[in-house]
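These notes concern the structure reproduced below.
The values are calculated or read from the model by the stated rules, or taken from the named source; none is laboratory data. What you see is a predicted model; the values in this text were computed from it and never measured. Quick reminder, even Gly has a Cβ in these numbers, built from the backbone with ideal geometry, and neighbours come from all protein chains shown.
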Amino acid sequence: MGLVRLFIKDWDNVGDPVVREKYGILAGAVGILLNLLLSAGKLFAGLATGSISITADAFNNLSDAGSSVVTLVGFKLAGQKADAGHPFGHGRAEYLAGLFVSLMILLVGVELGKSSIEKILRPEAVDFSLVSVAILGAAILVKLWMGRFNRALGRQIGSAAMEATAVDSLTDAAATAAVLAGTLVNRFAHVNIDGWMGLAVAVFILRSGWGAAKDTINPLLGESPDPELVKQLRELVLSHPQVVGMHDLIIHDYGPGRRLCSFHAEVPQDADILDAHDAIDHIEREIQETFGIETTVHMDPIATDDEKVNQLRLQVSALAQAVEPEMTIHDFRVVRGPTHTNVIFDAVVPHRCRLTDEEVRQRLSRAVSALDPAYQTVIQLDRAYTEAP
């Protein structure tokens with residue numbers, strides 16, 4: 001992290017978009033410089049020995065330099081302030097940069113695989129050179145350092161784009177090691193395994209590229225939030241005595257450091273409205289200060305002093321969990337009439353539940369009616385926005 005402290009002021013304030021942008025610029029600049037040097041060195045070695053694999057590895061580094069340019073531009077775009085057209089900022093540009101780098105990794109893997117198969121079918125003699133061996137050895141060390149450098153930066157600021165770049169550097173080190181191994185085996189054992197080594201590395205590169213792509217595609221598509229974060233948010237909210245429950249928690253990710261969330265907070269219907277409202281305001285500020293998440297809370301008044309309603313709520317909750325263990329209910333109300341009693345509630349069903357909404361509704365209705373034939377259910381079903389921690 002010596003380079004970080006040297007070039008980035010307030011390097012530990014990673015929640016600041018300006019600081020994140022500087023991290024991206026530093027990573028991009030280091031990547032461009034080192035990859036261009038590696039590409040030039042390998043191209044010289046490839047031309048000197050007539051090795052197609054070394055020359056291909058040189059162009060691989062040249063594509064890495066292009067990927068570093070994409071990373072730099074991505075962080076530069078992500079650091080732009082919000083505007084009228086993008087009120088939540090441009091943070092997702094960082095995810096797009098990571099996705100592009102992942103696609104570059106996959107493309108390199110495909111091309112290396114094709115070249116390796118051709119070399120297996122039509123092997124070519126490769127000249128041995130100590131200078132080439134030295135260049136390849138130095139390239140492996142440089143790429144290992146770059147992988148460690150980018151991974152450290154990625155973890156420091158929580159960047160999927162930098163994590164993808166780190167994976168790319170490690171796969172490049174493996175690819176160069178395979179080229180070096182093939183060169184040494186060919187020189188001392190007189191067995192040409194260059195093509196087979198290249199094919200094995202190509203498979204490794206494709207696997208790594210696909211993993212890196214998933215890490216950037218998921219937040220772009222709108223992945224479920226981290227269950228540990230959901231747990232911590234619930235603990236914070238329910239630590240306030242004015243709140244007796246919460247539901248419909250939704251977290252939107254508009255890029256690193258740009259998250260929004262909303263949820264419904266249940267408060268006793270006979271609570272002092274000003275006291276409850278003050279508690280909700282305090283919760284919103286506390287979430288912002290603790291997690292850096294801008295929050296909007298809807299307040300739901302519920303009956304807490306009717307013992308019969310409370311008992312029935314517990315019974316219905318148990319029935320819901322018998323249908324699906326992770327199902328929860330909220331907004332529970334009971335409206336009594338001369339001929340029947342309406343039992344009204346919302347049920348949150350996890351996405352992994354295989355039952356259709358209508359099947360869930362029918363099972364719940366039958367179970368509640370079994371408690372008392374006078375009960376008629378009015379059920380609103382929702383699929384869960386967050387997974388149970």
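Residue pairs whose Cβ atoms lie under 6 Å apart, separated by 6 or more positions or on different chains, with the first residue in the range 297-311 and touching a residue at least 60 places away in the same chain (Cβ under 8 Å) and the second in a loop (DSSP other than H, G, I, E, B) and aromatic (Phe, Trp, Tyr), do not occur. Here Ile293 fulfils each of the conditions (1) touching a residue at least 40 places away in the same chain (Cβ under 8 Å); (2) surrounded by fewer than 13 Cβ atoms within 10 Å (Cβ to Cβ) apart from (2).
Okay, residues lined up against (1) outside any helix (DSSP H, G or I); (2) out of contact with any helix residue (DSSP H, G or I) (no Cβ under 9 Å at 6 or more places or on another chain); (3) among the hydrophobic types (A, V, I, L, M, F, W, C); (4) over 16 Å from Val30 (Cβ atoms):
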position	(1), (2), (3), (4)
Lys143	no, no, no, no
Phe149	no, no, yes, no
Gly154	no, no, no, no
Glu163	no, no, no, no
Ala166	no, no, yes, no
Thr171	no, no, no, yes
Ala175	no, no, yes, yes
Val179	no, no, yes, yes
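The residues in the range 214-254 that are modelled with pLDDT of 85 or more, touching a Lys or Arg at 6+ places or on another chain (Cβ under 7 Å) and either surrounded by fewer than 18 Cβ atoms within 10 Å (Cβ to Cβ) or outside the structural domain of Thr296 (by TED's automatic domain parsing) (or both) can be counted, and the count is 1.
The number of residues in the range 141-188 that are out of contact with any Phe, Trp or Tyr (no Cβ under 8 Å at 6 or more places or on another chain) and surrounded by fewer than 18 Cβ atoms within 10 Å (Cβ to Cβ) comes to 12.
Please indicate, with yes or no, whether at least one residue in the range 122-130 is part of a helix (DSSP H, G or I), touching a residue at least 24 places away in the same chain (Cβ under 8 Å) and not polar (S, T, N, Q).
Checked against the condition, which is being part of a helix (DSSP H, G or I), touching a residue at least 24 places away in the same chain (Cβ under 8 Å) and not polar (S, T, N, Q), the range 122-130 yields no hits at all.
Only one entry of Ser159, Ser169 meets the criterion of being at pLDDT 80 or above and among the polar types (S, T, N, Q), and that entry is Ser169. Among the conditions (1) over 26 Å from the mean Cα position of the chain (by Cα); (2) free of Cβ contacts under 8 Å to residues at least 40 places away in the same chain, the only one that His351 does not satisfy is (1). Could you go through the range 328-343 and let me know if any residue there is out of contact with any His (no Cβ under 7 Å at 6 or more places or on another chain), surrounded by 13 or more Cβ atoms within 10 Å (Cβ to Cβ) and in a helix (DSSP H, G or I). No, that holds for no residue.
As a summary of the residue check, Tyr385 satisfies the conditions (1) assigned to a strand (DSSP E or B); (2) out of contact with any Lys or Arg (no Cβ under 8 Å at 6 or more places or on another chain); (3) among the aromatic types (Phe, Trp, Tyr) except for the one numbered (1). Among the residues of the range 120-163, those that are within 18 Å of Ala181 (Cβ to Cβ) and not aliphatic (A, V, I, L, M) comprise Pro123, Glu124, Asp127, Phe128, Ser129, Ser132, Gly137, Lys143. Total residues in the range 336-377 satisfying the condition of being touching a strand residue (DSSP E or B) at 6+ places or on another chain (Cβ under 7 Å) and modelled with pLDDT of 90 or more: the figure is 21.
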